[in-house]
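K.L.:
Dropping the structure in here first, questions after.
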Amino acid sequence: MRPRKPVCVKCNKTLQCESINGRLVELFQNNEMIYKIWHCDIYKCPKCGMQICYGFGDKPAMTDIDGQDKCAEYVKTERSLGKIIVYDYE
Ligand SMILES: [Zn+2]
């Protein structure tokens, strides 16, 4: 079975799951539009503190097909619910 947790290359330490409430917002069009929004876990290196998004769902929670207004509203609501919003700039 493959390893199921990411490892920090710098520290040679297994990253720990810090939160299962991450939301990754992929941007496009010079970062002015939302392309896709994913649920994800946030993992952190216990030594250097480096954090990554990991463990994405099979399907995005929202896409540009849903419309920019709905995507923006979704991000706003999720933030207000305490989700960790991470942006993936081009
Ligand atoms: Zn590290």
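The values are calculated or read from the model by the stated rules, or taken from the named source; none is laboratory data. Computed from a predicted structure; not experimentally measured. Here the Cβ positions follow ideal geometry from the backbone for every residue, glycine too, while neighbour counts run over all protein chains shown.
K.L.:
Please specify each residue of the range 48-88 satisfying the condition of being loosely packed, with under 12 Cβ neighbours inside 10 Å and either closer than 14 Å to Asn21 by Cα or within 16 Å of the ligand (Cβ to nearest atom) (or both).
P.N.:
Cys48, Gly49, Gly57, Thr77, Ser80, Leu81, Gly82
K.L.:
Kindly indicate whether any position in the range 19-30 is exposed (fewer than 12 other Cβ atoms within 10 Å of the Cβ) and closer than 19 Å to Tyr89 by Cα.
P.N.:
Yes - at least one qualifying residue is present in the range 19-30.
K.L.:
Could you tell me which residue of the range 1-13 is surrounded by the most Cβ atoms within 10 Å (Cβ to Cβ), considering only residues that are over 15 Å from the mean Cα position of the chain (by Cα) and more than 10 Å from the ligand (Cβ to nearest atom)?
P.N.:
Only one residue fits best here, namely Lys5.
K.L.:
Now for a separate question. Just to verify a result, which residue in the range 61-90, among those that are in contact (Cβ under 8 Å) with a residue 60 or more places away in the chain and out of contact with any Lys or Arg (no Cβ under 6 Å at 6 or more places or on another chain), is farthest from Glu32 (Cα to Cα)?
P.N.:
Gly82
K.L.:
Report those strands (runs of 3 or more DSSP E) wholly inside the range 14-90 carrying at least 2 residues which are over 10 Å from the mean Cα position of the chain (by Cα) and at pLDDT 95 or above.
P.N.:
Answer list for the range 14-90: 16-28, 33-44.
K.L.:
Here's another thing I want to ask about it. Here's a check for you: in the range 19-56, which residue that is of a type in the set (Gly, Ala, Ser) and touching a residue at least 12 places away in the same chain (Cβ under 8 Å) is farthest from Glu78 (Cα to Cα)?
P.N.:
Gly55
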